[in-house]
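Chemist: Have a look at this one before I ask anything.
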Amino acid sequence: MKIQRRDFIKTITMGGTGFLVFSPSLGAFAKTNKTQGDSDEEWLPSTCQGCTTWCPIEICVQNGRAIKVRGNQHSLVNPGYVCPRGHMIPQILYDPDRIKTPLKRTNSKKGRFEDPNFVPITWDEALDTIADQIIALRNNGESHKFGVFRGRYTYMRDILYSALPKIVGSPNGISHSSICAEAEKSGAYFTEAYWDYRDYDLANTKCCVLWGVDPTRSNRQVPGFINKFPDLLDRASVITIDPMLTTVASKSKYWLPVKPGYDGALASAIAHEILVSGSWNKEFVGDFKDGNNLFTTGNVVDESLFQENYSNGLVKWWNLELMDKPASWAESVCGISASVIQKVTMEMAQAAPRVIVWLGPGPVMSPKGTYTAMAIHCLNGLLGSADNMGGTIRYVKQKTKDIPSVADYQDDIAKAGAKYPKIDQRGTFEFPALNGGISGGGVVTNNLPDAMLAEDPYDMKAVIGYWNNFNFSCAGTSRWDEAMAKLPFFAHITTHAAEMTRFADIVLPAAFHAAERWAYVKNFGNTYSSISIQQPIVERMFDVYADENEITWKLAVKLKEKGFSNLYDYYHNEFADPETGAKPTNEHEFALYTTKYLTKPSWDLISGGWDGFKEKGVVNFGPYVYRSKWENFGTVTGKFEFYSETLKKALEGHAKKHDKSVDEVLEACNYEARGDLAFVPHFEAPNRWGDVSEYPLDFIDGKSRLSREGRSQNNPWFYGFKRCDPGDENQEDLIKMNPLDAKKYGIKDGDTVKLTSVEGFMTGKVKLWEGIRPGTVTKTYGMGHSAYGKFACEDFALGKARGTNNNDFLPVDYDRLSGSTARNGGFTGVRVE
């Protein structure tokens, strides 16, 4: 980092035009007369949030400018490590295409390719317009037709996402969660009552099965996993189960390119082989009372002959699902040979209980994902690795505060409006969304446009969206375009003019999370957890404010001016500075005080208190205590449930709510199971969109190591280092297919091809790549923006996309038990021309 600026410019000039993609960002660093090696550098703590690992980081600030990033040295979650996404922060922070001032729409016609004709306005005018919309809805008895649609967030979220709609009088705080990984969580919940992401004891494991996940790329452990991966390869058996040759697959002892959508069959076969070989963990699961293994292929077992310890329903699972599903059966179903299945099973069993079966979203963000997630996660139970050393564990709870109750600030209008059902139709007969085992306890984000277009349960009239871009990031994007065009009023809080911003009536420029705002987040990994800070470490270059605390304060002030002071009174009265007792008088104090208030239980524990937290940036908790849940997992039985009484209770509750049977619920939600089979992990053939005769190939939605939650696509590095993603090439948006398939269809490397699904089509340059299972094609998600900036688009002014968006092409489907959007799992059939 000590290279002189003039030498750097000389280097990129001599290096050829390939380097010129970086030049627009040089202006961000050109105002200092000092080199980057001078001694006035200061490393200040913050949090990355480039993915849901949410790594504590430190940003080097020189002469008021952020110039480089590293992992936070004080963090026990990712001690000093950060992945490629973290290094993009300065370029995004100083992106000249950021929105710099509030904007107002002047073109009343809305559409993906309609120019909004935005004009700059003041914050006062922008907030005045939003406040008028809210007041009008309240005056008309329509407060429930207001909503806040949330994308990514910090743990300041409830100030905006929860308190604002509730005090205004709406139930509609709608999160993005079900387009992310809710089916992944449901598998753990219906087996061990844990609806959350998991940690993994990599330091002590002997076998790591990476199932539909590449942790060097995504899935909440990225920097820590990258750091531990070399040692893991030396010390443990690494097995990757994925139809695509990911980075981890290329280094694994075994790569099993399973047929998309048939992961549940493979999981059932592995469980079968574990049981018939007598390799289950008897300390955790239990054993036959006489010690003789009665699990033999095709034979029903008497439940009374087996004594379970910390699990429930193993024999039921065997009798209902596993007894007739050996490796030889799975070979013809999932495309992995019986001998390989048996070898992998033996590797896992020999390492048990120090084995990790790391479930990712790949196989379960699919129309029947909950049952696949249960089947895969149950292998951790069979092998005794659930909540155990070297296995899959939960995380240590951090000490923080929730926001105070809003009840005293809800008037009669607010109380009445908040009782309406939420707009996403969660908890309706066909959308159980069973987060926490409660009918409608989850969210069905991608059903929002259908509900809005149908005006069911009512018509929406005003929405505030923040840190989201659902018109790009949700399958079936055309529905979002129609719904947002129909919505009478939309205010978008964002750093860049995204696809969703094109439908906005008011645009509010957001502060950049890692360097311009007060907030905190929670994170975990490496058997530790922490809270980490975000703080304004550089002076804001543009007229921007933080979404969750500063903008909400300013809106509360504006509502008070119009005669509705409840929101302001709540913010002013309930969020005093916990050190001085001072109440906030402006948005900056409110942002600071709320951050201090919510994190006080943590910084009270460390030397220096709040000042110590600001200086170090993290408060650590842990390490995790193994087997802390064995005596009571929190399920209905208190045990790890192979036969899920927890799912049974949830489904029966949902069915009773609608005066239906469980079988009727399952039929309406497009699952095959009936009777008791519904309560055990089991294989269900994928709900495939497109008959094989017309759409013979399966499409795989790939993920990128360089995608900062979809927010790095205007960064030239995203394109200049595209080869970080296996099979991809710099600057290209490639469709990748196996050479065997290419030969069959007469396609050559570099040809332009058209992929067609039942939803739509995409065209692009094809790359022949042996890293994809025959019978499938893939494209990395991330490109295809018709907005966002001059690098994200081929032509930003005309809305001409650079590459194609996978979500324009994916059919709309759900795992309805969890509410998850389907985007993988062999449900999208395609043809290639």
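Chemist: Tabulate in residue order the Karplus-calculated ³J(HN,Hα) for region 522-534, using 6.51 cos²θ - 1.76 cosθ + 1.60 with θ = phi - 60°, rounded to whole Hz; enter x for Gly and Pro.
Modeler: Result, ordered by residue: 9, 8, 7, x, 6, 6, 10, 9, 7, 10, 9, 8, 10 Hz.
Chemist: Out of residues 5 or more away from residue 702 or on other chains, whose amide H comes under 5 Å of its own, with H placed 1.01 Å from N in the peptide plane?
Modeler: For residue 702, whose amide H was placed from the backbone, the distant partners under 5 Å are 779, 780, 781.
Chemist: When the scattering of region 544-619 is computed by the Debye formula from its Cα atoms alone, each counted once and equally, what is log10 I(q)/I(0) at q = 0.18, 0.21, 0.26 Å⁻¹?
Modeler: So the normalised log intensities work out to -0.72, -0.89, -1.14.
Chemist: While we're looking at this one, here's another question. Can you pull out the trypsin sites (Lys or Arg not before Pro) in region 183-242 that DSSP calls coil and that have at most 15 other Cβ atoms within 10 Å?
Modeler: Within region 183-242, no trypsin sites (Lys or Arg not before Pro) qualify (loop, at most 15 other Cβ atoms within 10 Å).
Chemist: Ok, one more. Return the Cα extents of region 279-357 along principal axes one, two and three, sorted largest first, each rounded to a whole Å.
Modeler: Sorted from largest, the Cα extents of region 279-357 read 36, 29, 19 Å.
Chemist: Still on this model: If I model region 135-287 as equal point scatterers sitting on the Cα atoms and use the Debye formula, what is log10 I(q)/I(0) at q = 0.09, 0.17 Å⁻¹?
Modeler: -0.48, -1.13
Chemist: Can you tell me what percent of all Cα-Cα pairs in the chain are more than 44 Å apart?
Modeler: Above the 44 Å cut-off, the chain has 26 percent of its Cα pairs.
Chemist: Please list 3J(HN,Hα) in residue order for region 817-828, calculated via the Karplus relation 6.51 cos²θ - 1.76 cosθ + 1.60 where θ = phi - 60°; whole Hz, with x for glycine and proline.
Modeler: Here the 3J(HN,Hα) series is 5, 9, x, 5, 6, 7, 9, 8, x, x, 8, 10 Hz.
Chemist: In the chain, what percentage of the DSSP-assigned beta bridges are antiparallel, given to the nearest 5?
Modeler: Taking every DSSP beta bridge within the chain, about 55 percent pair in antiparallel fashion.
Chemist: Sticking with this one: Using only the C-alpha atoms of region 228-268, find the volume of their convex hull and express it per residue in Å³.
Modeler: 72 Å³
Chemist: Once the Cα gyration tensor of region 635-756 is found, what semi-axes does its equivalent ellipsoid get, as square roots of 5 times the eigenvalues, in whole Å, sorted largest first?
Modeler: The answer is 43, 22, 14 Å, longest axis first.
Chemist: How many angstrom lie between the C-alpha centres of region 770-797 and region 118-161?
Modeler: Answer, in whole Å: 32.
Chemist: While we're on this one: Dividing the alpha-carbon Rg of region 475-599 by 2.2 N^0.38 Å yields what?
Modeler: Cα Rg divided by the expected 2.2 N^0.38 Å: 1.26.
Chemist: For region 62-114, what is the convex hull (Cα atoms) projected area averaged across all directions, in square nanometres?
Modeler: 6.9 nm²
Chemist: Dividing the Cα radius of gyration by the Kirkwood radius, what Rg/Rh value follows for region 376-534?
Modeler: Rg/Rh for region 376-534 comes to 1.03.
Chemist: Follow-up. For region 786-833, what's the radius of gyration and Dmax over Cα atoms, in angstrom?
Modeler: 14.9, 42
Chemist: For region 43-152, what size does the Cα cloud have along each of its three principal axes, sorted from largest down, in whole Å?
Modeler: 54, 31, 28
Chemist: Given 10 Å bins starting at zero, what is the percent of C-alpha pairs of region 128-201 in each, up to the one with the largest pair distance?
Modeler: P(r) over region 128-201, rounded to whole percents: 17, 35, 27, 14, 6, 1.
Chemist: Given the pairs 560/583; 368/736; 486/656; 100/583, which are separated by over 24 angstrom at their Cα positions?
Modeler: 368/736; 486/656; 100/583
Chemist: Would you kindly calculate the mean projected area, averaged across all directions, of the convex hull enclosing the Cα atoms of region 318-453, in square nanometres?
Modeler: Taking the Cα atoms of region 318-453, their convex hull projects to 13.4 nm² on average.
Chemist: Separate question: For region 698-770, build the convex hull from the C-alpha positions and give me its volume per residue in Å³.
Modeler: 106 Å³
Chemist: Further, regarding this structure: Using 7 Å Cα-to-Cβ label points, what is the residue 305/residue 139 separation (nm, one decimal)?
Modeler: Spacing of the two 7 Å Cα→Cβ label points: 7.7 nm.
Chemist: In terms of the ratio Rg/(2.2 N^0.38 Å) built on C-alpha atoms, what value belongs to region 318-397?
Modeler: Compactness ratio reported: 1.19.
Chemist: Please identify every one of the trypsin sites (Lys or Arg not before Pro) in region 409-445 that sits in a loop by DSSP and has no more than 10 other beta carbons within 10 Å of its own beta carbon.
Modeler: 419
Chemist: Find the all-direction average of the projected area of the Cα convex hull for region 690-833, expressing the result in square nanometres with one decimal place.
Modeler: Mean projected area for region 690-833: 8.8 nm², to one decimal.
Chemist: Now for a different question. Taking a cut-off of 22 Å, what percent of all Cα-Cα pairs in region 206-323 are separated by more than that?
Modeler: Within region 206-323, distances greater than 22 Å cover 48 percent of Cα pairs.
Chemist: Using alpha carbons only, what's the Rg to Rh ratio of region 597-679 with Rh from Kirkwood?
Modeler: Rounded to two decimals, Rg/Rh equals 1.31.
Chemist: On a 0 to 90 degree scale, rounded to 10, what angle separates helix 182-192 from the longest Cα axis of the chain?
Modeler: Here the helix axis deviates by roughly 50 degrees.
Every number in this text was worked out from the coordinates using simple rules, so none of it is lab data. The model shown is predicted, which means the values in this text are computed figures rather than measured ones. Please note: Cβ atoms are built from the backbone with ideal geometry, for glycine as well, and neighbour counts cover all protein chains shown.
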